[in-house]
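What follows is a short report on a single structure.
The values are calculated or read from the model by the stated rules, or taken from the named source; none is laboratory data. The shown structure was predicted, so the numbers you read here are calculated from the model rather than taken from an experiment. Please note: Cβ atoms are built from the backbone with ideal geometry, for glycine as well, and neighbour counts cover all protein chains shown. In case anyone asks, the SASA skips ligands and DNA or RNA and just uses the protein heavy atoms, side chains included. Shrake-Rupley method; radii C 1.70, N 1.55, O 1.52, S 1.80 Å.
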Amino acid sequence: MEKKEQIDHIYDLIMQLSAGNLGYRSEISQKNDELDAITMGINMLAEELQTTTVSKDYLGRIYKGVVDMLIVIGPDNIIHEVNATVCKLLNYKEEQLVGEQISKIFQRKDAKGLNKINDELDKKGHAYNIERVFKTKKGRLIPVSISGSLLYGSDGSIDGKLFIAKDISKIKKTTEQLKRKNEELNTFIYRVSHDIKGPLASIIGLLNLAKDDNEDQDSLKSYFGLIETSASRLDKVIGDFLEIGKLTQSQIRSSLLDFKEFIQEILDSLHYADNFKNIKIKINLPQHHVFRTKKILLKAVLQNLIENAIKYARKGVDESFIEISVKESEGKLIITVADNGIGIPKNMQEHIFKMFYKGEHANSGSGLGLYIVKTSLDSLKGTISVQSTQNEGSLFTVEIPARRA
């Protein structure tokens, strides 16, 4: 091996090691001269480095495998590197992001938010948990929490920035749900006290009148009738509140349910409701109608839907009807309750499942019936939709997952 060739080998060895390829070794000639000694020393140094230093390839694999989004940008905000999580969540290929401005992945109106992160980095060298919004390739928005730090070169100058971004979509969703539940709870507490206090005040007032007018039998009968009405109203309100508490318990178990018996049980419980005897009820059931589901929740759904159909039957029609149908489709039960009652005005339909919403019938019921329906279906992982035309009737469609027994 000529001396020039030995020098070329040494040069190649140094270049390979400086590029991070610590497994590279150079050939040693048989001359045993000073150039061979240099080559041997560098090879030995590479051996030592390989056993004591984490390789660039190994660090790269760690970087790519981090579950949060990792983004390296230069001082000019150009993206230098992204890990696999960035590509997966934002639906980009790596080459579609590297070389682009970091603002490309920010929501347009949120791109200025990058300034806040950069200001924090300039002042402190790091930034923690700054909430911003990323935009995927298809335009979907993802709320993220960004932390970052400055990267320094060997001469101490700022070489770039490292961003770590965590997808907080689920956290945001949970926070919004908790906020909504808290608002519902505050409304619930207020309405409980209001709806109980009203009938109680009526009962107390009527009893005082009865005491003062206890010799007039006709007046007493009237007072007791009104007291009975207020007491019934109070009993219904308390019953609805207890029903909500029962339905929100997580330990409700599934059981076998025979739909023919189940629907008949509900109808029997409503037999003495006003107007029940004047309504024709038709039931359409599948041939095999035994399923496994959470009976107590489904009962709350159907009982309230049927009771409303009875309560809001339309006067002056030749025949009032309620038609209850059950069918099975792709692992779901589809239950419909149709009637030819007074119907629901279009502008009310989006509100009817809200707590305490009474619409145009403010003096009837507690305004909790359809809220109980929706709460029960949420627990069953089911859905409900309504089609209704005023003075023609309503159709409620319920879908729930259920297994045939």
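Just give me the residues in the stretch 251-301 being among the basic types (Lys, Arg) and part of a loop (DSSP other than H, G, I, E, B), in sequence order.
Restricting attention to the stretch 251-301, the residues satisfying the condition of being among the basic types (Lys, Arg) are 253, 260, 277, 280, 282, 292, 294-295, 299.
Listed by number, the residues that qualify are 253, 294.
Look through the stretch 279-333, keep the residues that are small (Gly, Ala, Ser) and free of Cβ contacts under 8 Å to residues at least 40 places away in the same chain, and return whichever of them is surrounded by the fewest Cβ atoms within 10 Å (Cβ to Cβ). Walk me through it before giving the result.
Initial filter on the stretch 279-333 (small (Gly, Ala, Ser)): 300, 309, 313, 316, 320, 325, 329, 331.
Adding the requirement that they be free of Cβ contacts under 8 Å to residues at least 40 places away in the same chain leaves 313, 316, 329.
Values: 313: 21, 316: 6, 329: 8.
Among them, the one singled out is 316.
When residue 165 is tested against the conditions (1) among the aliphatic types (A, V, I, L, M); (2) under 17 Å from residue 68 (Cα atoms); (3) in a helix (DSSP H, G or I), the lone failure is (3).
So which of 311, 299 ends up being touching an Asp or Glu at 6+ places or on another chain (Cβ under 9 Å) and closer than 22 Å to residue 332 by Cβ? Steps first, answer last, please.
Values: 311 fails: closer than 22 Å to residue 332 by Cβ.
Result: 299 is the single residue among 311, 299 that is touching an Asp or Glu at 6+ places or on another chain (Cβ under 9 Å) and closer than 22 Å to residue 332 by Cβ.
Would you be able to say whether some residue in the stretch 379-397 is of a type in the set (Val, Ile, Thr) and within 15 Å of residue 281 (Cα to Cα)?
Step one: filter the stretch 379-397 for residues of a type in the set (Val, Ile, Thr), giving 383-384, 386, 389, 397.
Checking the rest, the ones that are also within 15 Å of residue 281 (Cα to Cα) come to none.
No, every residue in the stretch 379-397 fails to be of a type in the set (Val, Ile, Thr) and within 15 Å of residue 281 (Cα to Cα).
Taking the stretch 148-164 as the range and being under 18 Å from residue 114 (Cβ atoms) and either modelled with pLDDT of 90 or more or open to solvent by 30 Å² or more (accessible area, probe 1.4 Å) (or both) as the test, the residues that pass are 149, 151, 158, 162, 164.
Filtered by the rule that a residue be in a helix (DSSP H, G or I) and either touching a His at 6+ places or on another chain (Cβ under 7 Å) or on the phi > 0 side of the Ramachandran plot (or both), the stretch 319-358 gives no residues. Residues that are out of contact with any Leu (no Cβ under 8 Å at 6 or more places or on another chain) and modelled with pLDDT of 70 or more do occur in the stretch 61-71. Counting only strands (runs of 3 or more DSSP E) that sit wholly inside the stretch 71-158, those with at least 3 residues that are closer than 19 Å to residue 171 by Cβ are 126-135, 141-152.
Scan the stretch 302-313 and give yes if some residue there is hydrophobic (A, V, I, L, M, F, W, C), within 25 Å of residue 353 (Cβ to Cβ) and assigned to a loop (DSSP other than H, G, I, E, B), otherwise no. The answer is yes; a qualifying residue exists.
Residues checked against (1) modelled with pLDDT of 85 or more; (2) among the β-branched types (Val, Ile, Thr):
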| site | (1), (2) |
| --- | --- |
| 220 | no, no |
| 234 | no, no |
| 238 | no, yes |
| 249 | no, no |
| 259 | yes, no |
| 278 | yes, no |
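Is it the case that some residue within the stretch 330-344 is of a type in the set (Ser, Thr, Tyr) and either at pLDDT below 90 or over 26 Å from residue 272 (Cα atoms) (or both)? For the stretch 330-344, residues of a type in the set (Ser, Thr, Tyr) and either at pLDDT below 90 or over 26 Å from residue 272 (Cα atoms) (or both): absent.
When the stretch 69-87 is filtered for residues that are of a type in the set (A, V, I, L, M) and open to solvent by 10 Å² or more (accessible area, probe 1.4 Å), the ones remaining, listed by number, are 70, 72, 78, 84.
Answer with yes or no whether residue 115 is open to solvent by 80 Å² or more (accessible area, probe 1.4 Å), free of Cβ contacts under 8 Å to residues at least 40 places away in the same chain and not β-branched (Val, Ile, Thr).
Details: open to solvent by 80 Å² or more (accessible area, probe 1.4 Å): yes; free of Cβ contacts under 8 Å to residues at least 40 places away in the same chain: yes; not β-branched (Val, Ile, Thr): yes.
When the stated conditions are applied, residue 115 passes them.
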